[in-house]
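Worksheet for the structure shown next.
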There are 2 protein chains.
Amino acid sequence: MSLRIAEIFGPTIQGEGPLIGEPTVFVRAGGCDYRCLWCDSLHAVESRYRHEWLPMEADAIMERIEALSGGRPLLVSISGGNPAIQDFGPLIALGRQKGYRFACETQGTIAPLWFADLDMLVLSPKPPSSGMETDWSAFEACIAAKGAVPAAMKIVIFDEADLAFARLAAERYPDLPLFLQPGNGETDPAIPVDLDALAGRLSWLVAQTVGKGWLRPRILPQLHVIVWGNQRGV
Amino acid sequence: MSLRIAEIFGPTIQGEGPLIGEPTVFVRAGGCDYRCLWCDSLHAVESRYRHEWLPMEADAIMERIEALSGGRPLLVSISGGNPAIQDFGPLIALGRQKGYRFACETQGTIAPLWFADLDMLVLSPKPPSSGMETDWSAFEACIAAKGAVPAAMKIVIFDEADLAFARLAAERYPDLPLFLQPGNGETDPAIPVDLDALAGRLSWLVAQTVGKGWLRPRILPQLHVIVWGNQRGV
């Protein structure tokens, strides 16, 4: 069965979350059950881009990953869109045979069996600023599906309401490593990123968490935005 | 026995290396057996700053850490200078009793017994651009001293010669997680940091490693420089 793939690119570095800085090839799935107001990957979400999503079999995707990485096994980051809609099990099985590792990033609404075959599952519940509502029982099904696979929770923070949401999520899941990152309101690839504004948002988030005695989350920026702005494919 | 302490500050986030983004209080030891050409902490290294280093007993340091953290246990990062010159064993014992965790950053020239009491040892051998020479047998004594404590290697990269050094260090220690970070040539706190130049150095380092098929190191910037420039105490 073929998968809808918005883009495959790399190797580059993972720009955010628990694997920040790690060399990786990204496989971005097309299609999403969410429409976050500030989505930075609409080209993998909105159906008007559907004709740009290539139908690819697992072995064709793996071939592309191997070509990009020169056959050197590395981390493959499956993102989207919401990749959990599709069956990445065959790709993961194929890649792991060859020594590749797999991480997946998802909002936690759909819980496929292949989560249990990953090396890392990054769950990103969406805070109020996204305009989405979290279904915590669906989220918990994802945690159940992953089994013993290491997982982390990553939450984008734009404002105080998002922080309150993160606090509740943190309390719900005391055992999940927690990563917060400042929201990026500028997602137009044509507009150069304002690094001072980005530094300011990071500073604000540190002040609102660590500065107020909340010491659990790790606070990280999006490295790829610092280095490449909002360009695609890097 | 009292310790010479250049500064204690936080909580802030760890800006670099394996614990990047983690809330931490920094304890910066005064005194160093190295004089790296590009040192960004000369106030903890050069003897002309010696009169600014407070002699403090372990319990006084712990009191200060607890006051800064509001008594909430968190990660304490012992840095310098080279903290391995002094005996941080009593501080670590005191802090761990209260739930604090301890990381230490050192170049790997001196191997005290208390390395084995840490939660994380970050070894930063200095590349040629530093003007220093690495004594690998002393470095290995540090690895031996830490015992089962998790460790990582972090190397600052200014140029091609530094990259060649990092490649050799990586080969010597195949089991140590490896982090590379671009060098920061601007360390004057009075001069605002040039974020575009910083992004450019990060981009260069990604191109020189991942871009050339070297997929082992994680590539990370110094977050504190992005957020606070070269200010001290943050």
**Q.** Search result, residues across region B:134-156 that are surrounded by fewer than 17 Cβ atoms within 10 Å (Cβ to Cβ) and either closer than 25 Å to residue B:222 by Cα or of a type in the set (Ser, Thr, Tyr) (or both)
**A.** B:137, B:150
Q: Among the residues of region B:87-111, count how many are closer than 25 Å to residue B:137 by Cβ and either open to solvent by less than 20 Å² (accessible area, probe 1.4 Å) or among the hydroxyl-bearing types (Ser, Thr, Tyr) (or both).
A: 8
Q) If you go through region A:21-35 one residue at a time, do you hit one that is part of a loop (DSSP other than H, G, I, E, B) and in contact with a His (Cβ under 9 Å, 6 or more places away or on another chain)? A) yes
Q) Quick one: residue B:79 ticks every box in (1) more than 14 Å from the chain's Cα centre (by Cα); (2) open to solvent by 10 Å² or more (accessible area, probe 1.4 Å) bar one, so which box is it? A) (1)
Q) What tally of residues in region A:5-20 results from selecting those that are part of a strand (DSSP E or B) and in contact with a strand residue (DSSP E or B) (Cβ under 6 Å, 6 or more places away or on another chain)? A) 8
Q.
Take the conditions open to solvent by 40 Å² or more (accessible area, probe 1.4 Å) and touching a Ser or Thr at 6+ places or on another chain (Cβ under 9 Å) and apply them to residue B:159. Does it pass?
A. yes
Q) Looking only at helices (runs of 4 or more DSSP H) that fall completely inside region A:156-228, which ones have 3 or more residues that are away from chain B (no Cβ under 14 Å)? A) A:160-172
(Q) For residue A:146, only one of the following conditions fails: (1) in contact with a Phe, Trp or Tyr (Cβ under 6 Å, 6 or more places away or on another chain); (2) farther than 30 Å from residue A:66 by Cβ. What is its number? (A) (2)
Q.
Which residue is farthest from the chain's Cα centre (by Cα), if the candidates are limited to region B:1-15 and must be crowded, with 21+ Cβ neighbours inside 10 Å and more than 10 Å from chain A (Cβ to nearest Cβ)?
A. B:3
Q: Test residue A:152 against the criterion of being among the hydrophobic types (A, V, I, L, M, F, W, C) and within 30 Å of residue A:70 (Cα to Cα), and give yes or no.
A: yes
(Q) Considering only residues that are within 29 Å of residue A:220 (Cα to Cα) and either touching a strand residue (DSSP E or B) at 6+ places or on another chain (Cβ under 9 Å) or within 14 Å of chain A (Cβ to nearest Cβ) (or both), which ones fall in region B:31-44? (A) B:36, B:38, B:41, B:43, B:44
**Q.** Residue within region B:115-128 that is away from chain A (no Cβ under 14 Å), open to solvent by 30 Å² or more (accessible area, probe 1.4 Å) and hydroxyl-bearing (Ser, Thr, Tyr) present
**A.** no
Q: Would you please list the contacts, defined by Cβ atoms under 7 Å and residues six or more apart or on different chains, that run from a residue in region B:64-77 that is farther than 11 Å from residue B:23 by Cβ and of a type in the set (Val, Ile, Thr) to a residue that is open to solvent by 40 Å² or more (accessible area, probe 1.4 Å) and modelled with pLDDT of 95 or more?
A: none
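The values are calculated or read from the model by the stated rules, or taken from the named source; none is laboratory data. The shown structure was predicted, so the numbers you read here are calculated from the model rather than taken from an experiment. Backbone-built Cβ (ideal geometry, glycine too); neighbour counts: all protein chains shown. What goes into the accessible areas is simple: the full protein's heavy atoms, side chains included, and nothing from ligands, DNA or RNA. Shrake-Rupley method; radii C 1.70, N 1.55, O 1.52, S 1.80 Å.
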